[in-house]
Structure formats: structure tokens, C-alpha cells
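One structure below.
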Amino acid sequence: MRRPDILWRLGSFAVAAALVGLWQLTADLKLVSPVFLPGPDKAWTALIRGFSSGDLMAKLLGTLAHMLYGWLCASFVGIALGAAIGASKTMRDYVAPSLEWLRPLPVSAIIPIAIALFGLTQGMALFVIAFGAMWPMLLATIHGFAVVEPRLYEVARTLHMSRLAVIVKIALPSASPDILAGMRLSLTVALILSVVCEILAGLDGLGHWVLLSARAFRSADLFAGVILLGIVGYVTATAMAFAERRLLRWRGVGH
């Protein structure tokens, strides 16, 4: 690891430690009521207690399942549809305007429709998560396919390659940086929407844990759930960034 990277990481850890120290000092001095703001020590104790009893582990697995299933559905639809649109100028001309109309639509506006169609069920959560997480991948895939070097298509025509072969062997590798960037962003969106759906539908997950803790004024449990959600977001984003660097090593990314 290069020295600037080490210094950057040490600096980030120092800032995080300072924030935790300030949080602890605020809690110890009771500048905010302990009912609403427990110290990090109490939040950590609640986190350990939750895992020891098994309740928090079950909630964590529920949230991970909602996030991953929704993200995988969004990946399949977003990449397939994005490849079809991005690889065809005609599709881009006729379909892209409709996408620009749907893209700014808030996911919150879709939730009542999803509830009417599926009820407060796992299916509703899957639909909402997949719909919201699909857009970063869809738009990134369209852009990646649209900006493929035209000379590569000329070479493909010279070699009499089929349309499927052109997509798999030329367009897809060329668009892979955009696609992977969209997948990384959509994973974060999937986590956020998983928590929202769990809160609204009462599904088993960290969102439901946080909601019940807030209603019962169990502030330590509430902060434990929030901390765990932050850890999940950080770990999944880091894992996706690592996978992106590995998959794009052939392009010299990450060196």
C-alpha cells in the first residue's frame, strides 16, 4: 500500500475516533437525554446482546436477503434492458425519452401501487427494491453500450460476427466499467429500500428492529441497529469495489 493511501486511512480513522469520542462525551455529560441518545458503549453492549440472543442476527439476515434478492432482480432486468437499448440507436431514439420520464419518479410514489398490487408482503418489498435499484444499472448500461468505439463495430461487420457475438465479445466488455459502477450504486439503493419496506410492511429485518426499538424507547437497541446498517452498507460497498477492481484489472483499473 502506498504511503498516501496509508495516511489517508489513518486520517479517516482519526476522524471517526474523534466523532465517537464526542458522542461518548455528549452522552456522559447528558447534554441530550439518555432516553434519546445513549453512549456508544451502551449501543455496543446492545449490539452484542442482540447477537447473543440471536434476534439481531435473524434481522440482519432478513435485511441481507431483501437487499440481495431485489438487487439481483434489478441487475438482471437493468443490464438486459440496458444492453438492448444501448446497442440499438433506434431503441435509444424511441425508448430513451420514456425512460427519462420514468427515471425521476420517486420510489416512494411507487410504494402505494406496490402495496395495492401485492399487499404488505415480501413480493411488495421485492418489487419496490428491484424497481428503485434498477435505474442506476439501466442508465449506466445504456451509456456503456452507447459509447462503444464505432471502429469495433466496423471490425465486427468485417468479420461477419452475429449480433449476439458482437454484444458478448465487444460491447459487453467495453461497457463493463459503466455496468459495474451502476451495480455498485444500485446495491446502496437496494439497502436503503430494504429498510424502508421493512418499516412500512413490518417485514423481518433491521428496519423493523429499528422501528420497534424507537416505539419502545429502547434507544440503545435503536442505535445498535443503525450502526449495524452502517456496517452492512460499508462492507457491501467495499466488497463491490474490490470485485470491480478485480474484474477490470485487464483494463489497468486500480493500478
Of everything in region 119-144, what is hydroxyl-bearing (Ser, Thr, Tyr) and part of a helix (DSSP H, G or I)? Give them in sequence order.
Thr141
Before we move on, is Gly78 buried (at least 20 other Cβ atoms within 10 Å of the Cβ), under 18 Å from the mean Cα position of the chain (by Cα) and not hydrophobic (A, V, I, L, M, F, W, C)?
yes
Residue satisfying condition, being in contact with a Leu (Cβ under 7 Å, 6 or more places away or on another chain) and among the aliphatic types (A, V, I, L, M), within set Leu200, Leu229, Leu185
Leu229
Which is under 30 Å from Thr141 (Cα atoms) and among the aromatic types (Phe, Trp, Tyr), of Trp71, Trp23, Trp44?
Trp71
Wholly enclosed helices (runs of 4 or more DSSP H) of region 55-118 bearing at least 1 residues in contact (Cβ under 8 Å) with a residue 60 or more places away in the chain:
55-86, 107-118
Filtered residues of region 81-125 (kept if more than 17 Å from Ile142 (Cα to Cα) and either surrounded by 21 or more Cβ atoms within 10 Å (Cβ to Cβ) or small (Gly, Ala, Ser) (or both)):
Ser108, Ala109, Ile111, Ala114, Ala116, Gly119, Gly123, Met124, Ala125
Please specify each residue of region 6-48 satisfying the condition of being part of a helix (DSSP H, G or I), charged (D, E, K, R) and free of Cβ contacts under 8 Å to residues at least 12 places away in the same chain.
Arg9, Asp28
Inspect region 176-198 for any residue being touching a Phe, Trp or Tyr at 6+ places or on another chain (Cβ under 7 Å), modelled with pLDDT of 90 or more and within 24 Å of Val148 (Cβ to Cβ) and give the result as yes or no.
yes
I'd like to check something: does region 153-161 contain any residue that is among the charged types (D, E, K, R), in a helix (DSSP H, G or I), touching a residue at least 12 places away in the same chain (Cβ under 8 Å) and surrounded by fewer than 19 Cβ atoms within 10 Å (Cβ to Cβ)?
no
Considering region 21-52 alone, what residues qualify as being within 22 Å of Leu229 (Cα to Cα), at pLDDT below 85 and exposed (fewer than 13 other Cβ atoms within 10 Å of the Cβ)?
Val35
Quick one: how many residues across region 106-130 are of a type in the set (Phe, Trp, Tyr) and within 17 Å of Val77 (Cα to Cα)?
1
Of the residues Ala171, Ala140, Ala133, which single one is crowded, with 18+ Cβ neighbours inside 10 Å, under 18 Å from Phe76 (Cβ atoms) and at pLDDT 90 or above?
Ala133
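The values are calculated or read from the model by the stated rules, or taken from the named source; none is laboratory data. The shown structure was predicted, so the numbers you read here are calculated from the model rather than taken from an experiment. Positions of Cβ are generated from backbone atoms using ideal geometry, with glycine treated the same way; all protein chains shown enter the neighbour counts.
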